[in-house]
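Colleague: Quick one: this structure, given as structure tokens, is what I'll be asking you about.
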Amino acid sequence: MFEKSFITDCEGPLTLNDNAFEMCAHFIENGDELFKILSLYDDYLADVVKKEGYKVGNTLKFILPFFVLENLKNKDLVEFSKNNIYAIRDSKFLLKYLKGAMNSYIVSTSYGQYIEALSNYMEFPFENTYYTKVDMDVLSLNDEESAKVAEYKNQILDNPEDYELFDEIFFKEIPKMGIYEKIKEIDVVGGLGKKLAIDDIIEKDKIDINEMLYIGDSITDVEPLQFAHENNGISISFNGNEYPLKVAEIAIVSPSAVATAVIANVYADNDRNKVLRFINDYNSQNDLKELFDEYKINEEIKLKFFEVFDDEDYPIIKIIDEDNYDEILKESVYMRNNIRGEDIGGLG
């Protein structure tokens, strides 16, 4: 065990995927639009209504009846996930480095079928992951319920901003169906769910509460990022939208995870203050190779960094403040949409 723990979201910091969105688009007619509508509704419940006891990321529960309508089973989710992993450049390199530097975990809202496929691909221990557990093989609809769910799908697509209708569907009508007994047991690992995962990691690793780094990119990462920031850990938004950027202390905007590896390397051997000093020096010193030597950056990370980036195209690594927030948000959203596509980049 190491003295510090590195905890990362999956989709965004490690992969280009939004696995649930991609499965909706692949298996369901107009599934891409359905997912985007329900994702905005999810954000609305969490960020605007602030619904009591609500966990952001519930889009993954909302779409399950529509998956069942298409007769999807665990094998379908596993097979699709295995064949559709799109990694952030150098994310495998990052995880390989971390094996010898810090306790490392992936905490993701994604379904376990995808996280297991991703762990195999990345050669990362699956036992060091947290995810939303869904067993498609136990979910079913009778004929009458199937007809209703099909009608709900059409109503949602035809009325994409009628959140009163959505409240009626997801909190009154679907709870009357037999499938709801299984769906209500599903614990989505998003927002507060990710914070609870961090509590478990801190207890498991017996680390001090401030000896952790958390990196994320979306609304599901707000609570863990805020927790890390408020407890003097390292909190990083990686190509994030407005949600993580409002609560994280550090922003990385990069097409490659080697930028993350640099910060992880500084933190593994030093304290939080040394990381902040490094970032300030990174933004004020002209000779980055000299800076990397000064901070004793791992030789493999240093070589990889200067292999990926030329002198005029270094990644953004900045401490977020009121003066630079708007500019960082603009650059971060541009990078996010550019490498992940606007459909996925635009999701909360």
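Every number here is computed from the coordinates shown, using simple stated rules; none is lab data. Being a predicted model, the structure only gives us computed values, none of them experimental. Don't worry about glycine lacking a Cβ; one is built from the backbone with ideal geometry, like all the others, and counts go over all protein chains shown.
Colleague: Within the stretch 146-198, report the trypsin sites (Lys or Arg not before Pro) that DSSP leaves as loop and that have at most 16 other Cβ atoms within 10 Å.
Modeller: Of the trypsin sites (Lys or Arg not before Pro), the ones in loops of the stretch 146-198 whose Cβ has at most 16 other Cβ atoms within 10 Å are 184.
Colleague: Could you pull out the GluC sites (Glu not before Pro) across the stretch 235-313 that fall in loop regions by DSSP (anything but H, G, I, E, B) with no more than 14 other Cβ atoms inside 10 Å?
Modeller: 312
Colleague: Rounding to the nearest 10 and keeping the result within 0 to 90°, find how far the Cα-based axis of helix 299-308 lies from the longest principal axis of the chain.
Modeller: 70
Colleague: Enter the mean projected area of the convex hull around the alpha-carbon atoms of the stretch 103-175, in nm², rounded to one decimal.
Modeller: 7.3
Colleague: Long-range amide H contacts for residue 234: which residues qualify at under 5 Å (H placed 1.01 Å from N, peptide plane, sequence gap of 5 or more or a different chain)?
Modeller: 212, 213, 214
Colleague: Right, another one. Ignoring everything except DSSP H segments at least 4 long, calculate the 222 nm mean residue ellipticity for the chain; use -39,500 (n - 2.57) per segment, divide by total residues, nearest 500.
Modeller: Calculated at 222 nm, the ellipticity per residue is -14500 deg cm²/dmol.
Colleague: What is the Cα radius of gyration of the stretch 63-106 over 2.2 N^0.38 Å, N being its residue count?
Modeller: Expressed relative to 2.2 N^0.38 Å, the Cα Rg reads 1.73.
Colleague: Also, quick follow-up: Assuming 0.692 mPa s and 37 °C, estimate D for the stretch 256-348 with Stokes-Einstein, Rh taken as the Kirkwood radius over Cα pairs, in µm²/s.
Modeller: So the translational diffusion coefficient is about 226 µm²/s.
Colleague: So, how do all the Cα-to-Cα distances of the stretch 1-96 break down into 10 Å bins, in percent, from 0 on up?
Modeller: P(r) over the stretch 1-96, rounded to whole percents: 13, 36, 32, 16, 2.
Colleague: Once phi is turned into ³J(HN,Hα) by the Karplus curve 6.51 cos²θ - 1.76 cosθ + 1.60 with θ = phi - 60°, what whole-Hz value does each residue of the stretch 5-21 show in order, with x for glycine and proline?
Modeller: For the stretch 5-21, the Karplus curve yields 10, 9, 10, 10, 5, 9, 6, x, x, 10, 10, 8, 5, 10, 4, 5, 4 Hz.
Colleague: Moving on. Over the Cα atoms of the stretch 152-250, what radius of gyration and what Dmax do you get, in Å?
Modeller: 18.0, 51
Colleague: Also: Across the stretch 89-94, in residue order, what do the Karplus-derived ³J(HN,Hα) couplings come to in whole Hz, using 6.51 cos²θ - 1.76 cosθ + 1.60 with θ = phi - 60° and x for Gly and Pro?
Modeller: Per residue, the Karplus-derived 3J(HN,Hα) values read 3, 6, 5, 5, 4, 4 Hz.
Colleague: Report, in whole Å, the centroid distance computed from the Cα atoms of the stretch 268-307 and the stretch 1-72.
Modeller: Distance between centres, Cα-based: 35 Å.
Colleague: Using the Kirkwood radius over C-alpha pairs as Rh, can you work out the diffusion coefficient of the chain via Stokes-Einstein at 20 °C, viscosity 1.002 mPa s, in µm² per second?
Modeller: Diffusion coefficient, whole number: 103 µm²/s.
Colleague: Still on this structure, please answer the following. For helix 74-83, what angle does its Cα long axis make with the longest principal axis of the chain, in degrees from 0 to 90 and rounded to 10?
Modeller: The angle comes out at about 40 degrees.
Colleague: Once you put a point 7 Å from the Cα of residue 128 and another 7 Å from the Cα of residue 284, both along the Cβ direction, what distance in nm separates them?
Modeller: Computed distance between label sites residue 128 and residue 284 equals 3.5 nm.
Colleague: Can you tell me how much longer the chain between residue 135 and residue 306 gets when fully stretched, taken as 0.36 nm per residue apart minus their C-alpha distance, in nm with one decimal?
Modeller: 57.1 nm
Colleague: Hey, another quick one. Which residue fluctuates the most in the chain, going by a Gaussian network model with Cα springs under 10 Å, if the choices are 104, 332, 284?
Modeller: Per the Cα network of the chain with a 10 Å cutoff, 284 tops the list.
Colleague: For the stretch 61-145, state which GluC sites (Glu not before Pro) are in a DSSP loop and have at most 11 other beta carbons lying within 10 Å of their beta carbon.
Modeller: 123
Colleague: In Å, what Rg and Dmax follow from the Cα atoms of the stretch 228-275?
Modeller: Every Cα atom of the stretch 228-275 included, Rg and Dmax give 10.9, 30 Å.
Colleague: Could you state the angle between the C-alpha long axis of helix 325-340 and the longest principal axis of the C-alpha atoms of the chain, as a value from 0 to 90 degrees rounded to the nearest 10?
Modeller: 60
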